[in-house]
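Just below is one structure, and these are the notes that go with it.
Read-outs: derived from the displayed coordinates by stated rules, not from any lab. Since the model is a prediction, treat every value here as computed from it, not as a measurement. So basically every Cβ, Gly included, is an ideal-geometry build from the backbone, and we count neighbours across all protein chains shown.
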Amino acid sequence: MKPFPECFRLRQHFDATHLADVAAVAESQLARLKLDARIGPGQSVAVTVGSRGIANLPTILRAAVAHLRRLGAEPFLVPAMGSHGGATAEGQRRLIESYGVTESLVGCPIRSSLETVVVCRTSEGIPVHFDRHAFEADHVLVCNRVKPHTMFAGEIESGLMKMMLIGLGNHEGARVYHRAIQQYSFAQIIRGAAGEVLRRCRVVAGLAIVENGYDQTLRIEAMGPGDFVTREKELLKLARHSMARLPFDDVDVLLVDRIGKDISGTGMDSNVIGRKYNDHAAAEGETPRVRRIAVRSLSSGSGGNALGVGMAEFCRSRVIREADWRATRLNVLTSGHVAAAMQPLDYETDREILEATLGTIGLTEPAAARLVWIPDTLHLTELECSVAYWEEARRRDELEILTPPRPLPLDEEGNLPDLAVG
């Protein structure tokens, strides 16, 4: 058996700018809109909650609910997550509660249902689905994080507009929109469907969140529905500039401790691994260029959804055993990203994975392989890198070497520990 590469611990330094008091900023942003001119006492307001693990989400929602109550309104939360949470009302409620978004903490009811209303059809014939609870409310406040989408590319990707369509469309709406994307661009669907939602579904405002590379809240911005398109374009630029990345553009083997829906919509963020347009290779001009990916486990917050494992070539056998394949298949059939559920080559131990993977990277000897080992695609501050990167890491000011090179810490059974999140 040829020796594995030695590795060293590395810390990336991103821009650490973030909000010190997210509740105060959320309140001041909403106050700036003077919503009392539109929301009357006793009127109901549906506030959206997505399926992602957004930093400070319970605090932000609690601040929004408190603001609406001060206006005399009756707010309630609506899970807006397409087919996630196993595509059941109770599953979606449990998912947001797992993030700390509970009725007692936020201060208002949660109304979870997959029932929708078809409010109209677009000029392309696409039925526009909208959550029934939200549709029957007097107003809707759309809250979501703005970030690069894992599949869609354009001036608008993941954010308020997507929440209005795929999120509030629930399972049926998400399924329809993802089918439509096979024929029409996301931009064209947004122009048709989002405009109808804004006209017909009493959307009163949006609350957009942007995070920095440390998974901290960088910006919160409230906006009126007429500003969704222009402001989301600008916030997406900020989010793209601020997001965490792998430290190197060329990687032979990427070891990923865990994937899950709480980490990314595709289990592992395709923007981070360089597979937004092709599941198993970077497209022309796309970085990073990762030759092989090996997944070690599912996150505890994934609910067994293994979507994204199909973007890896190798995985631990426990990933296959622990996956809820019903939920996974339902998710990929809804999204149209069928290959994301296909099973990679699986092995019981990390040693077996490394032996197999390092044998598929061309003429490079295993000891000289460019290996990067990360906790997940959301936490990229501290990671392990092989000695092939040592000289480059020493030259770059934003990279801090934490340990000298040493052998991979395989135990007697041939397995690695999970990396601590730095």
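General remarks:
- The aspartates and glutamates whose alpha-carbon is closer than 17 Å to the alpha-carbon of LYS2, local same-chain residues fewer than 8 away aside, are ASP252, ASP350, GLU352, GLU355, GLU365.
- Relative to the current alpha-carbon distance between LYS2 and ASN278, full extension at 0.36 nm per residue lengthens the span by 96.2 nm.
- Per-residue Karplus couplings for the range 213-220, computed as 6.51 cos²θ - 1.76 cosθ + 1.60 with θ equal to phi - 60°, are listed in order as x, 9, 6, 10, 6, 8, 8, 10 Hz, Gly and Pro entered as x.
- Whole-percent pair-distance distribution, where bins are 5 Å wide, for the alpha carbons of the range 301-388: 3, 13, 18, 20, 20, 14, 8, 4, 0
- The chain: antiparallel DSSP beta bridges as a percent of all, rounded to 5: 40 percent
- Candidates per GluC sites (Glu not before Pro) in the range 342-422, loop by DSSP, up to 16 other Cβ within 10 Å: GLU348, GLU398, GLU412, GLU413
- For ILE110, the residues whose amide H sits under 5 Å from its own are LEU77, ignoring neighbours fewer than 5 places away on the same chain, with H placed 1.01 Å from N.
- Within the shell of other residues whose beta carbon sits under 15 angstrom from the beta carbon of THR334, the net charge comes to +4, with Lys and Arg scored +1 and Asp and Glu -1.
- Residue order, fewest to most beta carbons within 10 Å, for TYR389, TYR277: TYR277, TYR389
- Listed by chain and number, the aspartates and glutamates whose C-alpha is less than 12 Å from the C-alpha of LYS276, apart from same-chain residues fewer than 8 away, are GLU284, GLU286.
- Dipole of the range 154-312, positive end: most advanced residue of ALA312, LEU298, HIS171 [Cβ charges, Cα centre]: HIS171
- Label sites at GLU74 and SER98, each approximated as a point 7 angstrom past Cα along Cα to Cβ, lie 3.2 nm apart.
- Of GLU90, GLU103, the sequence from fewest to most neighbouring Cβ atoms within 10 angstrom is GLU90, GLU103.
- Lys, Arg +1 and Asp, Glu -1 on Cβ, resulting dipole of the chain about Cα centre, debye, nearest 20: 1320 debye
- Under Karplus coefficients 6.51, -1.76 and 1.60, residue-wise ³J(HN,Hα) of the range 385-398 in Hz, glycine/proline x: 10, 6, 5, 4, 9, 4, 5, 5, 4, 5, 7, 9, 5, 7
- Distant-in-sequence amide H partners of GLY422 (H built 1.01 Å from N, under 5 Å): THR381, GLU382
- The range 20-74: trypsin sites (Lys or Arg not before Pro) in DSSP coil with no more than 12 other Cβ atoms inside 10 Å: LYS34
- The range 33-242 shape via C-alpha gyration tensor axes, a/c threshold 1.5: rounded
- For the chain, the square roots of the Cα gyration tensor eigenvalues, ordered a ≥ b ≥ c, give a/c of at least 1.5 with a/b greater than b/c, which places it in the prolate category.
- Backbone phi angles across the range 405-416, fed through the Karplus curve with coefficients 6.51, -1.76 and 1.60 (θ = phi - 60°), yield HN-Hα couplings of x, 7, x, 4, x, 6, 7, 4, 8, x, 10, 9 Hz in residue order; Gly and Pro are listed as x.
- Rounded if a/c under 1.5, otherwise prolate or oblate - the range 1-112, Cα gyration tensor axes: oblate
- Within the same chain, aspartates and glutamates fewer than 8 places from LYS162 are excluded, and of the rest, those with a Cα less than 13 Å from its Cα are GLU232.
- The range 384-403 versus the range 28-76: alpha-carbon centroid distance in Å: 45 Å
- For ALA306, the amide hydrogen comes within under 5 Å of the amide hydrogens of ASP324, THR328, counting only partners 5 or more places away or on other chains and with H modelled in the peptide plane.
- Residues TRP325, TRP390, arranged from fewest to most other Cβ atoms within 10 angstrom of their Cβ, appear as TRP325, TRP390.
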